[in-house]
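Notes for the one structure printed next.
The values are calculated or read from the model by the stated rules, or taken from the named source; none is laboratory data. Worth saying up front: this structure is predicted, and the values here are computed from it rather than measured. Quick reminder, even Gly has a Cβ in these numbers, built from the backbone with ideal geometry, and neighbours come from all protein chains shown. Only protein heavy atoms, including side chains, enter the accessible area calculation; ligands, DNA and RNA are left aside. Shrake-Rupley method; radii C 1.70, N 1.55, O 1.52, S 1.80 Å.
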Amino acid sequence: METEILENYRKAGRILAEVLAKAGPRVELGASLLDVANFVEDAIRSKGAIPAFPCNISLDRNAAHYTPSPLDAARFGENMVKLDVGVHVDGYIADAAITVDLGGHDKLVEASHVALEAALEIIRPGIDTAQIGKAIEEAITGYGYKPVYNLTGHGLSRYLAHDEPAVPNRAMEKGTVLKDGDVIAIEPFATNGSGRISEALINEIYGFSAFRPVRLPAARMLLKEISESYKTLPFARRWLKGERAEYALMQLLRSGAVHRYPVLWEIEGALVSQAEHTVVVLDKGCEVITRSI
Ligand code: CO
């Protein structure tokens, strides 16, 4: 990997680690979800980087893709809180997540954390992602829980927060062989439920799909703004400015110019924990770029 690119990844990772370390303690009983999301996104910008996607704050059965709505009044109760944060520097993305448990389910949090460490331990050029999935599944089932089978880690590339290859959270026969220079987000999810998630009818995160003809001028303007500001990266409904933005967004969805990232929730309503780091596959192992020092 070119030095300049690697340095951008490292900078994104360092900023993410600093922000997540400060954001974790802000997740406490009675605190506002919206305040935490704003804190995270402002802190990223103040450090000279850009959020790669809206600060995800997913509670309890929600595994991923919730971010506060524009006037979100929700406050933390005794929840299992997943903070999943993305930072980019010139399009080079770091992605990491922690679980802050306010509900006394330490073991479930530990299970995804230990699974992540088990995966990081074995990542090197030449390893098959199937082996990583096996290490994750064994660690989680060792605690008596299940991994979320239909959520995976993923590759990262410039302005693409979810690229190939998928990194399974379960053993499988054959995956993808990782090579020097690959950038991968490893994100085990553990649950005390069935191990399956599905899409909920809750959408706060969206992304640009393609330019499509739209009649409404406000929608045309919004599409231009989205494609320029976020490129192929996800954005929050909360980030949109202007009176007609919501209506324009609905038009863009209808035309296929924009797509949704629905909240992903555990199908039985069980709790989900998550741990995530981004690594660059290098030399004889990997460099964890989102680890705080
Ligand atoms: Co993430």
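Values computed for the structure shown
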quantity: The stretch 205-261 - percent of accessible surface contributed by carbon and sulfur, probe 1.4 Å; calculated: 54 percent
quantity: Max mean-square fluctuation residue, GNM over the chain, Cα-Cα springs under 10 Å, options LEU216, LEU178, LEU108; calculated: LEU216
quantity: Where GluC sites (Glu not before Pro) in DSSP loops with at most 16 other Cβ within 10 Å are excluded, longest remaining stretch of the chain; calculated: 79-172
quantity: Long-range Cα-Cα pairs in the stretch 205-261 (distance over 17 Å), rounded percent; calculated: 22 percent
quantity: Label-to-label distance, nm, for residues given as ARG212 and ARG124 (7 Å Cα→Cβ offset); calculated: 4.8 nm
quantity: Over the stretch 54-157, volume per residue of the alpha carbon convex hull, in Å³; calculated: 120 Å³
quantity: Average projected area [Cα convex hull, the stretch 1-88], square nanometres; calculated: 6.0 nm²
quantity: Long-range amide H partners of ILE50 with built H, under 5 Å; calculated: HIS88
quantity: Compactness of the stretch 136-177, expressed as Rg and Dmax over alpha-carbon positions, Å; calculated: 12.1, 38
quantity: 10 Å beta-carbon shell around GLY207, net charge (K/R +1, D/E -1); calculated: +2
quantity: Expected 222 nm ellipticity per residue - DSSP helices of 4 or more, -39500 (n - 2.57), all of the chain, to 500; calculated: -10000 deg cm²/dmol
quantity: GLU164 paired with GLU199, simple spin-label distance in nm, labels 7 Å along Cα-to-beta-carbon; calculated: 2.3 nm
quantity: Efficiency of FRET from Cβ geometry, HIS259 and GLU18, R₀ 35 Å, rounded to 0.05; calculated: 0.65
quantity: Fluctuation leader among ALA73, ALA200, ALA190 - the chain, Gaussian network, Cα springs under 10 angstrom; calculated: ALA73
quantity: With DNA, RNA and ligands ignored, accessible area of PHE211 (1.4 Å probe; Å², nearest 10); calculated: 140 Å²
quantity: Rounded if a/c under 1.5, otherwise prolate or oblate - the stretch 152-223, Cα gyration tensor axes; calculated: oblate
quantity: Cut-off under 5 Å, modelled amide H: who pairs with LYS146 long-range; calculated: THR191, GLY193
quantity: Per residue convex hull volume, Cα atoms of the chain, in Å³; calculated: 126 Å³
quantity: Solvent-accessible area per residue, Å², over the stretch 1-120 with all protein chains present [probe radius 1.4 Å]; calculated: 38 Å²
quantity: Whole-angstrom Cα spans of the stretch 158-293 along principal axes, big to small; calculated: 53, 39, 34
quantity: Accessible area of the stretch 205-261 divided out per residue, in Å², using a probe of 1.4 angstrom; calculated: 58 Å²
